[in-house]
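Notes for the one structure printed next.
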């Protein structure tokens, strides 16, 4: 299952520790407070909150998290990140080339 957070052009993939490949460069936080500060910017998008809730539900499958408030979800997930159970991996967003109306892709590339 793909777990991705988005904010503007920033794309962060959430992986469990065993899903990481040796080539992944994951973000490290020195304590839970730094992880919380990073995660807070994703709270304003309902899709990101849903992704964070689903990630925590997978990590704590034996616990009912439906009654937890958003800030409690972030605290629990921040703890999971700092302990290394969950990893945040920044990904490069692929932006498709813009094609000008009435011009071919080759001509548009020459203009740019």
Here is a list: 83, 91. Which entry is modelled with pLDDT of 90 or more, under 20 Å from the mean Cα position of the chain (by Cα) and closer than 24 Å to residue 11 by Cα? 83
Report, by residue number, each residue of the stretch 47-69 that is surrounded by 15 or more Cβ atoms within 10 Å (Cβ to Cβ), in contact with a strand residue (DSSP E or B) (Cβ under 9 Å, 6 or more places away or on another chain) and modelled with pLDDT of 90 or more. 48, 51, 52, 55, 56
Report, by residue number, each residue of the stretch 7-27 that is in contact (Cβ under 8 Å) with a residue 12 or more places away in the chain, closer than 17 Å to residue 38 by Cα and surrounded by fewer than 15 Cβ atoms within 10 Å (Cβ to Cβ). 7, 9, 10, 25, 27
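The values are calculated or read from the model by the stated rules, or taken from the named source; none is laboratory data. These figures come from a predicted structure and were not determined experimentally. Glycine gets a Cβ as well: all are built from the backbone with ideal geometry, and neighbour counts include every protein chain shown.
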